[in-house]
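The values are calculated or read from the model by the stated rules, or taken from the named source; none is laboratory data. It should be emphasised that the depicted structure is a prediction, and the values quoted were computed from it without experimental measurement. Positions of Cβ are backbone-derived with ideal geometry, glycine not excepted, and every protein chain shown enters the neighbour counts.
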């Protein structure tokens with residue numbers, strides 16, 4: 001199973017598809033073509049913009065199974081549970 005390693009110094013990210021590596025590499029280069037129309041924050045990848053826009057829309061897809069509090073991002077649930 002071939003994996004593509006990010007060539008950026010000290011970056012250990014690997015990807016199954018070259019497309020994903022190229023998309024990731026934009027972060028290192030500071031290329032951010034996707035702009036939020038609500039707050040003008042910019043993103044290197046379209047899916048990061050999509051995820052960010054949920055915060056403006058109040059969409060909370062991720063729930064803590066202990067207390068039922070909802071969050072826009074799964075990593076926020078993880079931090080909440082710590």
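Restricting 26, 22, 12 to residues that are modelled with pLDDT of 90 or more and not in a helix (DSSP H, G or I) narrows the list to 12. Checking each residue in region 71-82 for being within 18 Å of the chain's Cα centre (by Cα), over 24 Å from residue 20 (Cα atoms) and surrounded by fewer than 13 Cβ atoms within 10 Å (Cβ to Cβ) picks out 78, 79. Got at least one residue in region 48-60 being over 13 Å from the mean Cα position of the chain (by Cα), more than 23 Å from residue 72 (Cβ to Cβ) and assigned to a loop (DSSP other than H, G, I, E, B)? Checked against the condition, which is being over 13 Å from the mean Cα position of the chain (by Cα), more than 23 Å from residue 72 (Cβ to Cβ) and assigned to a loop (DSSP other than H, G, I, E, B), region 48-60 yields no hits at all. If the condition is being in contact (Cβ under 8 Å) with a residue 12 or more places away in the chain and in contact with a helix residue (DSSP H, G or I) (Cβ under 8 Å, 6 or more places away or on another chain), then region 23-59 contributes 32, 34, 35, 36, 38, 39, 44, 45.
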